[in-house]
Amino acid sequence: MNLFLWGALPYIAFTFLIVGTLVRFFYFERNWTTKSSEFLEKKQLRIANPLFHFGLLCVIGGHVVGVLVPKAWTAALGINDHMYHEGALYMGAVAGIIFIVGFLLLMKRRFTVPAMKVNTSGLDKWLYLFLTLAIFSGMAGTLLNASGFFDYRVSIGPWFRSLLSFMPDPSLMEGVPFMFKFHMLAWMVVAIIFPFSRLVHCLSVPLNYLTRPFIVYRKRDQK
């Protein structure tokens, strides 16, 4: 089981994420959308949307540094374990709170506004369920590790990098606390669902808006 969960399942999730996304983009481009709901409700979205996306960017940045940057690199910069843990704990907690508040406000909007609720598909509900599990398990792991008893940079970080180098080492996950393992599994499920959900919109960057000609609007002549 350990070999499957930490040696095979990550590649299954990566395959769904990459291949599924490419297939949807090239063969089902008309469905490549976030299914914008701004026209259904704007007031709550103005607050929830910036909080969620700002928090998300901060959380992603923290994960990139914590998982992809080897511990030896930060040590070479003069950042010892205590300094790193304190920075990760406080900055991660602030980013996590902003992220969670934004997410909860979006969920409140999604399931309490009648027009929004009607336009929520079954797949959306599964997506929100696993996003909830992933987000709250990540925050719980951070808070439970406030004392710094567990150093994910010597287990989860090397494990994830071993996957990227196609030399997986599932043994690195053997001593990882349950909450961190649950967090990893929840995000794998999100990665599998990703290509079929509204989340694909995050891969669309409207760079053409920077170079396209201005659209000029003129009032109709009054006769």
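The values are calculated or read from the model by the stated rules, or taken from the named source; none is laboratory data. All of these numbers come straight from a predicted model, not from anything done at the bench. Don't worry about glycine lacking a Cβ; one is built from the backbone with ideal geometry, like all the others, and counts go over all protein chains shown. For accessibility, only protein heavy atoms count, side chains too; no ligands or nucleic acids. Shrake-Rupley method; radii C 1.70, N 1.55, O 1.52, S 1.80 Å.
Here is what passes the span test in the chain: the DSSP H helices with alpha carbon length of 30 Å or more along the helix axis and a Kyte-Doolittle mean of 1.0 or above are 122-144. The stretch 114-149 and the stretch 56-109 have Cα centres separated by 17 Å.
For the chain, the Cβ-based charge dipole about the Cα centre amounts to some 1460 debye (Lys, Arg positive; Asp, Glu negative; other atoms uncharged).
Placing dummy labels 7 Å off each Cα toward the beta-carbon, the span from W73 to K42 is 4.3 nm.
Which net charge results for the neighbourhood of V64, defined as the other residues with beta-carbon distances under 15 angstrom from its beta-carbon, given Lys and Arg at +1 and Asp and Glu at -1? With Lys, Arg at +1 and Asp, Glu at -1, the neighbours total +3.
Using the rule -39500 (n - 2.57) for each DSSP H run of four or more residues, divided by the residues of the chain, the 222 nm mean residue ellipticity is -19500 deg cm²/dmol. Accessible surface for the stretch 41-165, divided over its residues, is 55 Å² per residue with a 1.4 Å probe.
What is the calculated FRET efficiency for D81 to K181, with r their C-beta to C-beta distance and R₀ = 25 Å, to the nearest 0.05?
For D81 and K181, the calculated efficiency is 0.70.
Once the chain from F26 to L164 is taken as fully extended at 0.36 nm per residue, the excess over their C-alpha distance is 47.2 nm.
Order H201, H85, H183 by their accessible area, 1.4 angstrom probe, all chains in place, largest first. Write out the running numbers ahead of the final one.
Working: H201 70, H85 40, H183 20 Å².
Output order, biggest surface exposure first: H201, H85, H183.
Modelled spin labels at K125 and T211, positioned 7 Å past Cα toward Cβ, are 4.5 nm from each other. Straightening the chain between K35 and K117 buys 28.2 nm, computed as 0.36 nm per residue apart minus the Cα-Cα spacing.
Quick one, which of (1) 16.4, 47; (2) 20.5, 70; (3) 20.7, 80 is the actual Rg and Dmax of the Cα atoms in Å calculated for this model? Computed from these coordinates, Rg and Dmax of the Cα atoms in Å corresponds to label (3).
Could you check how much of the accessible area of the stretch 1-158 is carbon and sulfur, as a whole percent, using a 1.4 Å probe? After summing per-atom areas, the C and S share lands at 74 percent. For the stretch 1-79, the list of chymotrypsin sites (Phe, Trp or Tyr not before Pro) that fall in a loop by DSSP and count at most 13 other C-beta atoms within 10 angstrom reads F28, F39. Using a simple spin-label model with pseudo-atoms 7 Å out from Cα toward Cβ, E174 and F4 lie 2.0 nm apart.
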